[in-house]
Amino acid sequence: MVFAVSTDTCYWFACNFYDESWYDEIFEIKNRDKSKLMSIAVKDFSELERISKLNSWQIDFLKTYHFPFTIVTEIKDDFIIPPFLDKSLYKDFWIRVAGLFLTDEMNEILDFPIFLTSANNSWEKEIYDYSEFENIFSGHDITIIKWRTWQNLTSNIFKFIWDSIELDYIRKNY
């Protein structure tokens, strides 16, 4: 099932990390090129620590980071990657921590990890309003989890430089 969830920035599409048909459906709904990868969301920092190669200093830094973020990192070798993913494209994963932008109730509804991407047609502006979302995507079978969007700028995207807490920004909005 494809979900639309409101977050700390805008509406996002989400689906189970291990379901190829839902993954493909998001690309179809968004008219998204398969070479443009999707982020994943983990439930909380303990899950981020369990699957990523980030060290404890980096995890602690992220816990105190004050803006919406997406961390780009390698994942641990024992983390099972869905067989339908092109491992040559998914060398690094772009990860958000859902506990920072979803309610506890929403965190219990979703089965993590999940794929996550902004709920808009590719290369168009983000959607912040439920009625706008419904107007654009009403013809699709999407389960909508309404909450509220904070209408912030999209997240900062960065990776850590080596094992340090020095940031290398890919996108900086804050």
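Scalar couplings 3J(HN,Hα) for the range 58-64, obtained by applying the Karplus form with A = 6.51, B = -1.76, C = 1.60 to θ = phi - 60°, are 5, 4, 4, 4, 5, 5, 10 Hz; x denotes Gly and Pro. Across the chain, C-alpha contacts under 8 Å between residues 6 or more apart give a mean separation that, scaled by the residue count, equals a relative contact order of 38 percent.
Can you give the calculated 222 nm mean residue ellipticity of the chain, where each DSSP H run of n ≥ 4 adds -39,500 (n - 2.57) and the sum is split over every residue, rounded to the nearest 500 deg cm²/dmol? All intermediate terms of the calculation are to be shown ahead of the outcome.
Details: 5 runs with 40 residues, N = 174.
Taken over the chain, the calculation gives -6000 deg cm²/dmol.
When you filter the chymotrypsin sites (Phe, Trp or Tyr not before Pro) in the range 86-135 for DSSP loop state and at most 10 other Cβ atoms inside 10 Å of their Cβ, you are left with TRP123. Helix 20-30: angle to the longest alpha-carbon principal axis of the chain, degrees 0 to 90, nearest 10? The two axes meet at around 70 degrees.
Rounded to whole numbers, the Karplus 3J(HN,Hα) couplings from phi for the range 116-125 are 8, 7, 4, 8, 7, 5, 3, 6, 10, 5 Hz, using 6.51 cos²θ - 1.76 cosθ + 1.60 with θ = phi - 60°, and x at Gly and Pro. Ordered by the count of other Cβ atoms within 10 Å of each Cβ, fewest first, LEU54, LEU153 give LEU153, LEU54. Only the Cβ atoms of Lys and Arg (+1) and of Asp and Glu (-1) were treated as charged; on that basis the dipole of the range 1-144 about its Cα centre amounts to roughly 540 debye. Of CYS15, CYS10, the sequence from fewest to most neighbouring Cβ atoms within 10 angstrom is CYS10, CYS15. Annotation: the residues HIS66, HIS140, sorted from fewest to most other C-beta atoms within 10 Å of their own C-beta, follow the order HIS66, HIS140.
Which trypsin sites (Lys or Arg not before Pro) in the range 85-174 pass both tests, a DSSP loop state and at most 10 other beta-carbon atoms within 10 Å? Those that pass, being in a loop and sparsely packed, are LYS87, LYS91, LYS125.
Just so you know, all these numbers are worked out from the coordinates, no wet-lab data involved. Nothing here was measured: the structure is a model prediction, and the numbers come from that model. Cβ atoms come from the backbone with ideal geometry, glycine included; neighbour counts cover every protein chain shown.
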